[in-house]
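Working notes, beginning with the structure itself.
The values are calculated or read from the model by the stated rules, or taken from the named source; none is laboratory data. Fair warning: this is a prediction, and the values are worked out from it, not measured in the lab. With ideal geometry, Cβ positions are generated from the backbone for all residues, glycine too; neighbour counts draw on all protein chains shown. Keep in mind that these areas ignore ligands, DNA and RNA; they rest on the heavy atoms of the full protein, side chains included. Shrake-Rupley method; radii C 1.70, N 1.55, O 1.52, S 1.80 Å.
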Amino acid sequence: MYIDLEIKGSVSGLIDTTYSTINDGSEANFNLDSNISIELKSGLELKGMIVVIGTVKKPELEGHAEGTFKASAKMGLTSGHSLKYNSQVGIFYTPNLKVDPCIGQVILMIKVGFTYKKVSSDWKPVNYNRTRTFYEEFDIMENLANLTGHKNQILLWEKKN
């Protein structure tokens, strides 16, 4: 039996600027994104053997079974921060918050067989492997903007003419 918790994170950034000595419009964009994901895995593996008739060295009837069960779930959160400067308008801050999809996986394998004297037979193994998405990715800030009817953009500094 095992239980494993994985926590992964990443941070990335981008700076993009445009400046012109001829045109009056200058722009600068600063983006910072961070992501954290959590994955929980667990599993159990069982093996068994049964000897019914005969001696241990020379069994006449023998049965064996193996079973494996594994399950995992993964989910994450992504946040972003964006500053946009436009020399004609001002500086805007845009927050971003997304919930990554929650994905679960289950694996079940069962193998059973027996041997009687010289006859050996194995049943068709059960191999069940399914992945399910419990919910899709959704953008919290975009949903709030749609709900309130306002952009999720904050004017930090406005250029005065």
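Dividing the alpha-carbon radius of gyration of the stretch 87-161 by 2.2 N^0.38 Å (N being the number of residues), what value is obtained? Don't skip to the answer; put the middle values down first.
Values: Rg = 28.5 Å, N = 75, 2.2 N^0.38 = 11.3 Å.
Against the compact-globule rule of thumb, the ratio is 2.51.
How would Thr131, Thr115 line up by accessible area, probe 1.4 Å, largest first? Please list the in-between numbers first.
Values: Thr131 90, Thr115 35 Å².
So, going from the largest accessible area down, we get Thr131, Thr115.
Could you tell me which trypsin sites (Lys or Arg not before Pro) in the stretch 77-136 are loop residues by DSSP with no more than 13 other beta carbons within 10 angstrom of their beta carbon?
Hits after loop and neighbour filter: Lys117, Lys118.
Counting only helical runs of four or more DSSP H residues, what would the 222 nm mean residue ellipticity of the chain come to if each run contributes -39,500 (n - 2.57) and the total is spread over all its residues?
Details: 1 runs with 9 residues, N = 161.
Counting only the DSSP helices, I get -1500 deg cm²/dmol.
Nearest 20 debye, what's the magnitude of the dipole of the chain about its Cα centre given +1 on Lys and Arg Cβ and -1 on Asp and Glu Cβ?
Details: 18 positive and 18 negative charges, 189 e Å.
Dipole of the chain, to the nearest 20 debye: 900 debye.
Taking a temperature of 4 °C and a viscosity of 1.567 mPa s, what whole-number D in µm²/s does Stokes-Einstein yield for the chain with Rh from Kirkwood over alpha carbon pairs?
Working: Rh = 21.5 Å.
Diffusion coefficient, whole number: 60 µm²/s.
One-quarter of the Cα convex hull surface for the stretch 64-111, in nm²? Intermediate results must be reported in sequence, preceding the final value.
Details: hull surface 16.5 nm².
Hull-based average projected area comes out at 4.1 nm².
What pairs from Lys8/Lys47; Lys8/Lys98; Lys8/Lys124; Lys8/Lys70; Lys41/Lys151 go past 28 Å between their alpha carbons? Please report the intermediate quantities before stating the final value.
Details: Lys8/Lys47 33 Å; Lys8/Lys98 16 Å; Lys8/Lys124 39 Å; Lys8/Lys70 21 Å; Lys41/Lys151 39 Å.
Listed pairs above 28 Å: Lys8/Lys47; Lys8/Lys124; Lys41/Lys151.
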